[in-house]
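FYI, it's all coordinate maths here, none of it is from the lab. Worth saying up front: this structure is predicted, and the values here are computed from it rather than measured. Counting neighbours? That spans all protein chains shown, and the Cβs are built from the backbone with ideal geometry, glycine included.
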Amino acid sequence: MFGVDTFLAHTEEAETHVEAARLFAEGQKFLSQGKNPEAVSRLKDALAIERGNHDYELALAQAQFAAGQYVDAEQTLNTLLTADSTLGPANLAMARVLLKEGRVREAISYYHRAVYGEWKEDPVGNELKVRFELIDVLARQNSKEELLAELLAVEDQAPGDVQSRERIGQLFLEAGSPTHAAEIFHEVIKQDPDNADAYAGLGEAEFSRGDYRAAIADFSQAVKRNPEDKAASARINLCNQILALDPTGRGLDAEERFRRSRALLKMTLDAAAPCLGSSSADLAESARKSLDAKVAAYRREGSAEADLDLAEKLWQARSSSCPAPSKDDALALVMARAAAQ
């Protein structure tokens with residue numbers, strides 16, 4: 001009798017296992033077909049038969065996520081991660097759920113857990129995949145320091161094809177690291193000398209570093225290869241405006257430096273005047289007097305320095321009371337360059 005009971009118990013257990021597997025397979029099939037509510041139903045039934053099956057729990061959470069049942073998906077994943085917090089796929093799924101719920105900081109934490117979690121298949125490939133997904137999240141959040149840290153971690157692991165390297169270069173630009181971006185774009189150009197996008201990316205890197213002459217050369221190469229690139233053409237025009245306005249450029253004689261400093265002072269006064277407070281009235285009046293003054297040739301070098309100093313003070317006064325200028329404003333870029341000298 002004992003032997004018969006044991007045999008029947010094993011038979012029943014095998015049958016329930018087969019039934020759970022059948023329901024799981026149906027759930028997966030429904031999920032692949034976009035029939036998410038049906039997938040949730042089948043996977044719940046499978047899990048009711050085999051409670052604690054990690055594969056079934058993960059699949060149920062993924063189906064709940066696909067069905068927009070984010071609270072339920074989070075609960076399912078909490079149960080799974082309580083049993084084993086090191087599961088890479090479960091941590092990734094939780095990161096995606098939290099991101100959908102707008103809990104970005106928590107999501108980022110789970111992305112990191114997924115990176116260092118356990119993966120049954122292709123752990124290196126999955127780690128790289130998760131890092132790139134996290135990188136996209138950080139780029140959308142404009143989290144430059146965190147983005148740069150992740151990019152540095154994957155730079156050498158990333159695929160070497162042109163498209164992937166271009167993407168890495170653009171992301172380095174977004175992370176505020178034009179030097180790394182320039183290195184990547186130089187690599188791409190060596191691989192593909194006619195790549196207009198790589199030249200445009202290199203131009204952006206040089207532009208960010210304030211090397212406007214190099215930027216013009218790179219953007220010109222981009223336009224040469226892609227005449228329809230309006231953005232690169234606009235960048236060339238902007239660089240030329242900056243170089244024509246900048247009084248701190250090398251090789252300028254005293255007369256040209258004086259002319260540019262006076263033009264810069266007038267532009268700054270015009271930009272600042274509408275929103276200067278009473279405390280800056282004296283500063284604005286000094287600028288007007290300087291612009292009206294007749295300056296002898298032998299005094300123009302000193303006058304240029306004084307005009308530039310006045311322009312910088314006016315710009316600082318403007319920045320505290322006026323709307324922020326556009327990131328592509330030539331005057332703002334010249335003033336930033338002058339302040340850094």
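Shown in residue order for segment 151-167 are the 3J(HN,Hα) couplings computed by the Karplus curve 6.51 cos²θ - 1.76 cosθ + 1.60 at θ = phi - 60°: 5, 5, 6, 10, 3, 7, 8, 5, x, x, 5, 4, 4, 5, 5, 4, 4 Hz (x for Gly and Pro).
When restricted to Cα atoms, segment 183-341 yields an Rg and a Dmax of 18.6, 59 Å, respectively.
Amide hydrogen proximity for Glu118: with H placed 1.01 Å from N in the peptide plane, the residues at 5 or more positions away or on another chain lying under 5 Å are Leu87, Gly88.
Fully extending the segment from Glu305 to Lys144, taken as 0.36 nm per residue of separation minus the present Cα-Cα distance, adds 54.4 nm.
Put a dot 7 Å past the Cα of Arg103, heading toward its Cβ, do the same for Ser286, and the two dots end up 5.6 nm apart. Between Ala340 and Asp270, the C-beta separation translates, for a Förster distance of 30 Å, into a calculated FRET efficiency of about 0.85. The lysines whose alpha-carbon is closer than 24 Å to the alpha-carbon of Lys44, local same-chain residues fewer than 8 away aside, are Lys29, Lys35, Lys100, Lys120. For segment 330-336, putting each phi into the Karplus relation 6.51 cos²θ - 1.76 cosθ + 1.60 with θ = phi - 60° gives couplings of 4, 4, 4, 5, 5, 5, 5 Hz, in residue order, rounded to whole numbers and with x for Gly and Pro.
Arranged from fewest to most other beta-carbon atoms within 10 Å of their beta carbon, Ser280, Ser220, Ser321 become Ser321, Ser220, Ser280. Electrostatic bookkeeping for Glu57 treats Lys and Arg as +1 and Asp and Glu as -1; over the other residues with beta carbon under 15 Å from its beta carbon, the sum is -2. Using bins of 10 Å that start at zero, the share of Cα-Cα pairs per bin across segment 253-340 amounts to 17, 52, 27, 4, in whole %. The distance from the alpha carbon centre of segment 111-173 to that of segment 195-234 is 26 Å, rounded to a whole number.
Built from the Cα atoms of segment 158-245, the convex hull projects on average onto 5.2 nm², one quarter of its surface area. For Asp329 and Glu155, the difference between the fully extended length at 0.36 nm per residue and the C-alpha to C-alpha distance is 59.4 nm. Evaluated on segment 59-142, the Kirkwood hydrodynamic radius is 12.7 Å, with distances taken between all distinct Cα atoms. For Glu228 and Gln191, the difference between the fully extended length at 0.36 nm per residue and the C-alpha to C-alpha distance is 11.0 nm.
Residues Lys35, Lys120 in ascending order of nearby Cβ atoms (within 10 Å, fewest first): Lys120, Lys35. Phi-derived couplings, Karplus 6.51 cos²θ - 1.76 cosθ + 1.60 at θ = phi - 60°, listed residue by residue for segment 88-98: x, x, 5, 5, 5, 4, 5, 4, 5, 5, 5 Hz, with x used for Gly and Pro.
Among Cys239, Cys322, the ranking by other beta carbons within 10 Å of each residue's beta carbon, starting with the fewest, stands as Cys322, Cys239.
Give the shape of the chain as rounded, prolate or oblate, defined through the alpha-carbon gyration tensor: a ≥ b ≥ c are the square roots of its eigenvalues, a/c under 1.5 means rounded, and otherwise the shape is prolate if a/b is larger than b/c and oblate if not. Because a/c hits 1.5 or more and a/b exceeds b/c, the chain counts as prolate. Modelled spin labels at Lys120 and Glu256, positioned 7 Å past Cα toward Cβ, are 7.0 nm from each other. Taking the Cα centre of the chain as reference, the dipole from Cβ charges on Lys and Arg (+1) and Asp and Glu (-1) amounts to some 1940 debye. Return the FRET efficiency for the residue pair Gln33, Asn237: r is the Cβ-Cβ distance, R0 is 51 Å, and the value is rounded to the nearest 0.05. It comes to 0.45. Would you list which lysines come within 19 Å of Lys294, measuring only between C-alpha atoms, while excluding same-chain residues fewer than 8 positions from it? Of all the lysines, those that pass the test against Lys294 - Cα under 19 Å, at least 8 places apart if same chain - are Lys266. Dividing the summed helix terms, -39500 (n - 2.57) for each DSSP H run of n ≥ 4, by the number of residues in the chain produces a 222 nm estimate of -25000 deg cm²/dmol to the nearest 500. Lacking any other cysteine beta-carbon closer than 4.7 Å, the following Cys residues of the chain have no compatible partner: Cys239.
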